[in-house]
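Student: Sending over a structure as structure tokens; questions will come in a sec.
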Amino acid sequence: MKVLDHLEEWFIASLMGLATVIVFLAVLHRYLSGVAVPGLQDWLLSLNFSWAQEATIYLFVWMAKFGAAYGVRTGIHVGVDVFINRMKDTNRARFVLFGLLAGVLFTGTVAALGANFVWDNGAHYAIGRAIGLKVEGMSAGPTTPDLEWPTWVIYLAIPLGSSLMCFRFAQVAWSFWHTGQLPKHDHTFVEGLDEVTPDDVAPKAVAP
């Protein structure tokens, strides 16, 4: 599981970093294109960054889908549990387990419907063509306005992200069934910083 956890984190971080770089370059290009520098301005105006906004939106969509799965695993999703926590331990455990299994059912349903949508949106044509099947009469599906990518590639975020989220719900449910513990995220914790103890902040006596 550690390998999957690290791949998940690196994938989300890569999407975030790529989106940041694209936005930075697009904004830089927009402002520098207005600077009247002979040669440089003509070269900048010849560059086409019209696709940057569309690409950034798609990157954030993928980031959100996989980030939601990461949130289930680490327990960072916001939940209103005041009423649940007032219950007896047995009843609380039942409601928590019900909620987790409902999450499995919902995300699994979204993943299945999303996979069917992606298949009908052009994936069947692309896969059939790639493996050498006859694709006459099949629809290649629509493409995105600026990048002109097949839209089914973008929509893959739905079945893939929802499938991972479904797995994470099942993983948390299994862990809760055996240990009674839910993943908790400490918002005050910053990775890489040493924990500060009272002795670290207490004034030290100066030797005479």
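The values are calculated or read from the model by the stated rules, or taken from the named source; none is laboratory data. Just so it is clear, the structure is predicted and the values come from calculations on it, not from any experiment. Quick reminder, even Gly has a Cβ in these numbers, built from the backbone with ideal geometry, and neighbours come from all protein chains shown. Remember, those area values only see protein heavy atoms, side chains included, never the ligands or the DNA or RNA. Shrake-Rupley method; radii C 1.70, N 1.55, O 1.52, S 1.80 Å.
Student: Which shape class applies to segment 87-157: rounded if a/c is under 1.5, otherwise prolate when a/b exceeds b/c and oblate if not, where a ≥ b ≥ c are the square roots of the Cα gyration tensor eigenvalues? Walk me through the intermediate numbers first.
Tutor: Numbers: a/c = 5.54, a/b = 3.02, b/c = 1.83.
Prolate is the answer for segment 87-157, as a/c is 1.5 or above and a/b outweighs b/c.
Student: Not counting the cut sites, what is the longest span of the chain without trypsin sites (Lys or Arg not before Pro) that DSSP labels loop and that have at most 10 other Cβ atoms within 10 Å? List each step's numbers first, then the result.
Tutor: Numbers: sites that count: Arg86, Lys88, Lys134, Lys184, Lys204.
No qualifying site falls inside 1-85, the longest such stretch.
Student: Around Thr143, which amide H atoms from residues at least 5 apart in sequence, or from another chain, sit under 5 Å from its own amide H, with H modelled in the peptide plane?
Tutor: Under 5 Å from the amide H of Thr143 lie the amide H atoms of Thr151, each far enough along the sequence or on another chain.
Student: List the residue ranges in the chain for DSSP H helices whose C-alpha atoms run 24 angstrom or more along the long axis and whose Kyte-Doolittle average is 1.0 or above. Kindly include the intermediate steps, with their values, before the conclusion.
Tutor: On the way: long enough: 2-32 (44 Å, 1.16); 52-74 (31 Å, 0.53); 89-118 (43 Å, 1.09); 157-179 (32 Å, 0.71).
Helices meeting the criterion: 2-32, 89-118.
Student: Here's something else I'd like to know. Say we join alpha carbon atoms closer than 10 Å with springs in a Gaussian network model of the chain; which of Ala130, Ala69, Ala102 then has the biggest fluctuation?
Tutor: Ala130
Student: For the chain, modelled as a Gaussian network with Cα springs under 10 Å, which listed residue fluctuates most, Glu148, Glu136, Glu54?
Tutor: Looking only at Glu148, Glu136, Glu54, the biggest GNM fluctuation is shown by Glu136.
Student: For the chain, what does the helix formula give at 222 nm: sum of -39500 (n - 2.57) over DSSP H segments with n ≥ 4, over the residue count, nearest 500 deg cm²/dmol?
Tutor: -21000 deg cm²/dmol
Student: Further, regarding this structure: When the chain is treated as a GNM, springs tying every alpha-carbon pair under 10 Å, which of Asp120, Asp81, Asp146 comes out with the largest mean-square fluctuation?
Tutor: Fluctuation is largest for Asp81.
Student: Here's another thing I want to ask about it. Given a 1.4 Å probe and the protein chains all in place, what does the accessible area of His124 round to, in Å² to the nearest 10?
Tutor: Number for this one is 40 Å².
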